[in-house]
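Only one structure is covered here, and it is reproduced in the block below.
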Amino acid sequence: MKRIRSAAQAVLAVGLAAGPAVAQQQETRPYTVGNPLGMPVTATPGRAFEPISSNVKVYGAIYSAESCSYDAERGVIVVPNRGVPQSVQANDAWVSFINHDGSVHTPRWIGVQGPAQRAALSPPLVLNEPFGSDIARGMLYLADRDGGTRAGEPSVAVIRRFDLRTGAPAGEARVEGAPWINDIEVADDGTTYATQMGDNADSTTWKVWKIAPDGAASVFVQGAPLRQPNGVAFDPRGNIVVANLGNADVLTFSPAGRLVNTEQAAQPGGDGLVIMPDGTKYVSSVTQGGVSRIRRGAPAELIARNIPSAASMCYDAGANQLVIPMNPNNGLAFVPLR
């Protein structure tokens, strides 16, 4: 058994090392995305796609997901999976579509190809370790990063855009000065607000970035009252709301960057932030596992408890529920709203 395992590991190591060279030798192929559950898994000339039989339900497809978004047109939950860390294998992430009941619609939509094949696509695909995500005007935005593939190599945050109709890459914006971004919120014109959680001991690293539609990045807010900013969302008035990880504060900033309100979640450790049209806020705590509901003029209340690693949740409008990625638990939690 040891000999077999060692041989397999040797083949894998050779394959990973040769990946870029193999990709360069490969013929350029059109950019494709994965099929929903059924056969074939990818589009195949001359073979019609047939869906999985209706009496079969599949659950899974989620690996190290940090965020999700809701695609109202398809009626599915869009989940970026980070795959293995950059230091193990670059360009390993993918995007899944999940149904309202948690069953799988499309296991791998973006990223159906392996890392060694992605460079040969036209356009090429790069998707390393996406954290935050958002959908705006037919585009899927993902907070990714480049670099950090080995000890001592710096990384830089990159906001990547994908056409929500085709899944094809549609541009990117590098955020020089930010090693990675946690959550993002995107306005209709493409302006993106992004949280840099930073170092717990260094307030200068606590930042909210503003990335203009042309890709120019600037610091929107830095330092206190931020305390390791994590979740970010717009309220109905167009203000920018930030949930702190380092305490229970939920901060509302005007578009000019002025603090206009401070509220308290029921628990510290804010990560996910969802704001409803009436202004009601929902905040998930990645450290304590609760979901807080904050209504105007009332103290926060816990509506769910003890969800392990409750990360950057999204609102599934088609089923009126919160969907919460559970990070290393490789799953999604569903919280119906009433």
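Nothing in this text is a laboratory measurement; each read-out follows from the coordinates by a stated rule. The model shown is predicted, which means the values in this text are computed figures rather than measured ones. We place every Cβ from the backbone using ideal geometry, glycine too, and count neighbours over all the protein chains shown.
Net charge around ILE135, counting only other residues with Cβ within less than 10 Å of its Cβ (Lys, Arg = +1; Asp, Glu = -1)? Don't skip to the answer; put the middle values down first.
On the way: positive: ARG137; negative: ASP71, GLU73, ASP134.
Net of charged neighbours comes to -2.
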Task: THR166 paired with ALA212, simple spin-label distance in nm, labels 7 Å along Cα-to-beta-carbon - done: 2.8 nm
Open item on the list: Given Cβ point charges of +1 (Lys, Arg) and -1 (Asp, Glu) and nothing else, what value in debye, to the nearest 20, does the dipole of the chain about its Cα centre take?
Closed with: 680 debye
Open item on the list: Counting C-alpha atoms alone, how compact is the range 57-124: give Rg to one decimal and Dmax as a whole number, in angstrom.
Closed with: 12.7, 36
- [ ] Determine, for each peptide in 56-63, 219-226, the mean count of other beta carbons within 10 angstrom over its residues, then list the peptides with the highest first.
- [x] 219-226, 56-63
Open item on the list: How many angstrom lie between the Cα centre of the range 64-104 and the Cα centre of the range 186-242?
Closed with: 23 Å
Task: Summed residue charge, Cβ within 11 Å of LEU273's Cβ, Lys/Arg positive, Asp/Glu negative - done: -3
- [ ] Determine ³J(HN,Hα), in whole Hz, for all residues of the range 84-95 in sequence, where each value follows from phi through the Karplus function 6.51 cos²θ - 1.76 cosθ + 1.60 and θ = phi - 60°; x replaces Gly and Pro.
- [x] 7, x, 3, 5, 9, 7, 6, 6, 10, 7, 8, 10
TODO: Divide, for the chain, the radius of gyration over alpha carbons by 2.2 N^0.38 Å, where N is the residue count.
DONE: 1.01
- [ ] Please give the calculated 222 nm ellipticity per residue for the chain, where each DSSP H segment of at least 4 residues contributes -39500 (n - 2.57) and the sum is spread over every residue; nearest 500 deg cm²/dmol?
- [x] -2500 deg cm²/dmol
Task: Lys, Arg +1 and Asp, Glu -1 on Cβ, resulting dipole of the range 171-311 about Cα centre, debye, nearest 20 - done: 420 debye
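How high is the relative contact order of the chain? Use alpha-carbon pairs under 8 Å, at least six apart in sequence, and give a whole percent.
Working: 902 pairs, mean separation 39.9, N = 338.
In percent, rounded to a whole number, it is 12.
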Open item on the list: With angles folded into 0 to 90 degrees, how steeply does helix 2-25 sit against the dominant principal axis of the chain? Use alpha carbons for both and round to 10.
Closed with: 80 degrees
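Longest span of the chain, sites excluded, free of GluC sites (Glu not before Pro) in DSSP loop with at most 16 other C-beta atoms within 10 Å? Intermediate results must be reported in sequence, preceding the final value.
Working: sites that count: GLU27, GLU73, GLU176.
Excluding the exposed sites themselves, the longest stretch runs over 177-338.
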- [ ] Measure off 7 Å from each Cα along the Cα-to-Cβ vector at LEU337 and THR204, then give the distance between these two points in nanometres to one decimal.
- [x] 4.0 nm
TODO: Send over the Kirkwood Rh of the range 83-222, from the inverse of the averaged 1/r over different Cα pairs, rounded to one decimal Å.
DONE: 15.8 Å
Task: Cut-off 9 Å between beta-carbons: net charge of the residues surrounding ARG293, Lys and Arg +1, Asp and Glu -1 - done: +1
